[in-house]
Amino acid sequence: MRLILLGLPGAGKGTQAKILAGRQGLLHVSTGDMFRDAAAEGTALGTRAQEYMTAGQLVPDEVTIGMLLERIAKPDAQVGLMLDGFPRTLPQAEALDRALAEQGSEIDAVLYIKVPEDELMERLTGRWSCPQCGAIYHTQSKPPQVAEVCDECGAALTQRADDQPATVQARLDTNREWTEQLAQYYRAQGKLHEVDGTGSPESITGRLLEALQGVSLQGRKA
Ligand code: AP5
């Protein structure tokens, strides 16, 4: 199965992708994580990407598309994909469709997690994450047992530089129109599933799994 999680910054893509990829046996691929890893390693790609991320802008397509297509061509990606944060522009979506078609495959479903923007601001400015294992926390909705320490691996939690209020606003402004255009692109393909992203993370996982059940049923009927 090849799935896309679509949604504005803070909609819960990372939180849900980790759960769903584990349950469905899919490889979780986050372009945001790939850029942050590259920046931490100090590679040329990472340094370039960091400038865009800090400004709340998208990393240019010519960099992003090549990086993602290279990653999903690797053997471990053949088990199935949970794409988180890609595609983010129409050229990215079209390039992905072309690359998958060349392998004789396609995207099975796009899960669009929808959350009101005022809640997104609150979620992102309160987020803490683990630089070691990737676990995601929130000061209010998912605090760690010990402040600023990861429950999973004990590493010190960090806040993302792009989660400052002004940068969050820039990220929302950058992504709003593209996200709607992508929703329209996949709606036209009959692959879009809109899911209410408010409520507890567990209830949202339930809604996403319900949407996926429909996808497998359609597949079996075909
Ligand atoms: P990326 O890392 O992908 O950031 P994003 O899309 O802005 O999304 P986030 O990771 O901020 O949020 P999320 O939806 O994953 O939410 P999360 O689960 O963490 O990209 C970063 C940057 O990289 C981009 O700005 C861009 O510069 C660049 N980039 C990446 N991909 C690119 C691409 N394809 N093209 C070009 N540039 C690209 O949850 C957020 C918080 O809310 C957490 O604290 C969490 O605990 C909490 N939370 C989650 N669910 C709930 C809930 N149900 N109720 C309450 N709180 C919740």
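Taking Leu45 and the conditions (1) part of a helix (DSSP H, G or I); (2) at positive phi, which numbered condition does it fall short on, given that it satisfies the others?
If we test Leu45 against (1) part of a helix (DSSP H, G or I); (2) at positive phi, just (2) comes out false.
Quick one: which of Ala39, Ala49 is open to solvent by 10 Å² or more (accessible area, probe 1.4 Å), within 10 Å of the ligand (Cβ to nearest atom), farther than 26 Å from Ala211 by Cβ and touching a residue at least 12 places away in the same chain (Cβ under 8 Å)? Reasoning before the result, please.
Working: Ala49 fails: open to solvent by 10 Å² or more (accessible area, probe 1.4 Å).
The unique qualifying residue is Ala39.
Given (1) within 11 Å of the ligand (Cβ to nearest atom); (2) open to solvent by less than 70 Å² (accessible area, probe 1.4 Å); (3) of a type outside the set (S, T, N, Q); (4) farther than 21 Å from Thr167 by Cβ, where does Met82 come up short, assuming only one miss?
All conditions pass for Met82, except number (1).
For the stretch 71-78, does any single residue satisfy the condition of being more than 24 Å from Ala211 (Cβ to Cβ), near the ligand (Cβ under 10 Å from one of its atoms) and not in a loop (DSSP other than H, G, I, E, B)?
Within the stretch 71-78, none of the residues are more than 24 Å from Ala211 (Cβ to Cβ), near the ligand (Cβ under 10 Å from one of its atoms) and not in a loop (DSSP other than H, G, I, E, B).
Sort out which residues of the stretch 52-66 are under 17 Å from Ala95 (Cα atoms), assigned to a helix (DSSP H, G or I) and near the ligand (Cβ under 9 Å from one of its atoms), and write them in order of number.
Pass one, the stretch 52-66, residues under 17 Å from Ala95 (Cα atoms): 58-66.
Checking which are assigned to a helix (DSSP H, G or I) leaves us with 61-66.
Within the stretch 52-66, Asp61, Val63, Thr64, Ile65 meet the criteria.
Would you please name the residue that is nearest to the ligand (Cβ to nearest atom), looking only at residues in the stretch 85-114 that are touching a residue at least 12 places away in the same chain (Cβ under 8 Å) and part of a helix (DSSP H, G or I)?
Gln92
The values are calculated or read from the model by the stated rules, or taken from the named source; none is laboratory data. These numbers come from a predicted model, not from an experiment. A quick note on method: Cβ atoms are made from the backbone with ideal geometry, for glycine too, and the neighbour counts reach across all protein chains shown. Accessible surface areas use protein heavy atoms only, side chains included; no ligands, DNA or RNA. Shrake-Rupley method; radii C 1.70, N 1.55, O 1.52, S 1.80 Å.
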